[in-house]
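Chemist: Attaching a single structure in structure tokens format; questions to follow.
A short reminder: the numbers here are calculations on the coordinates, not readings from a lab. Because the structure is a prediction, the values reported are computed rather than measured. In this analysis, Cβ positions are derived from the backbone assuming ideal geometry, glycine residues included, and neighbour counts consider all displayed protein chains.
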Amino acid sequence: MREANLAIEKLTHPTDAMRRLIRAFRSELNALNQIDEPPTDHAVKDDAENFFVGQRTVFGASDYASLLGFVVLKEEAGVFWLDWMHVAASARRRGVGSMLFNHAERHARKHGADKLFIYVHPDNTGMLALLAKQGYDALNLIEVTRKTRTKGKTLDVFGHRLRY
């Protein structure tokens, strides 16, 4: 798929296609976190509605027929966060993610930001590969909590073994 076959547009409200992508994203995130439960309808609905609240801007990528992915940007005091980004599994490795990401960066620059800030799960290898390809470096590595819902996964951070 080439960029000429894709369109990126600003989305103004939740759609069924977006909710399907959110459900897929949440399912993948649950798997990364070793959570065996599927996302609830309520959680998916809430996520979709919250995309359009506050200082958020949502862009969708389509092939002129189907929504293939989306990116949600959140602006806080002149700082732009890539709040959410997801590309349908069937559209990955075809330039959709890069196109969405580049569009998000252009939007942030247009509004005075020189970079995006992004939280990424350490096992989200697809997103980490995309960020490396885009020239991004890790700023922070972990968020620490006392209780964990996962069993057995560990991460070596500067010589310290932590569960996650």
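Chemist: Based on alpha-carbon positions alone, could you give the equivalent ellipsoid semi-axes of region 1-148 from the gyration tensor, as √(5λ), descending, whole Å?
Modeler: 22, 20, 17
Chemist: Here's something else I'd like to know. Apply the Karplus curve 6.51 cos²θ - 1.76 cosθ + 1.60, θ = phi - 60°, to the phi angles in region 126-136 and return the couplings in whole Hz, x for Gly and Pro.
Modeler: Computed from phi, the couplings for region 126-136 are x, 5, 4, 5, 4, 5, 4, 4, 7, x, 8 Hz.
Chemist: Moving on. Read phi for every residue in region 90-96 and hand back ³J(HN,Hα) as whole Hz from Karplus 6.51 cos²θ - 1.76 cosθ + 1.60, θ = phi - 60°, with x for Gly and Pro.
Modeler: So the J values, rounded to whole Hz, are 5, 10, 6, 6, 10, x, 5.
Chemist: For a quick check: with amide H placed at 1.01 Å from N, whose amide H comes under 5 Å from Gly69's, ignoring anything fewer than 5 positions away on the same chain?
Modeler: It is Ala61, Ala88, by chain and number.
Chemist: List, in order, the whole-Hz ³J(HN,Hα) value for each residue of region 118-125 obtained from phi through the Karplus relation with A = 6.51, B = -1.76, C = 1.60 and θ = phi - 60°; use x for Gly and Pro.
Modeler: My calculation for region 118-125 gives 9, 9, 9, 5, x, 9, 7, 5 Hz in order.
Chemist: Per residue, what volume in Å³ does the Cα convex hull of region 22-63 take up?
Modeler: Normalising the Cα hull of region 22-63 by residue number yields 96 Å³.
Chemist: Another question, then. Within a Cβ distance under 10 Å of Val87, other residues only, what is the Lys/Arg minus Asp/Glu net charge?
Modeler: Net local charge, Val87 excluded: +3.
Chemist: Need the C-alpha centroid separation for region 22-55 versus region 57-101, integer Å.
Modeler: Their Cα centres are 15 Å away from one another.
Chemist: Can you list, bin by bin at 10 Å, the percent of alpha carbon pairs in region 28-110, starting at 0?
Modeler: Values per bin, smallest distances first: 16, 42, 36, 6, 0.
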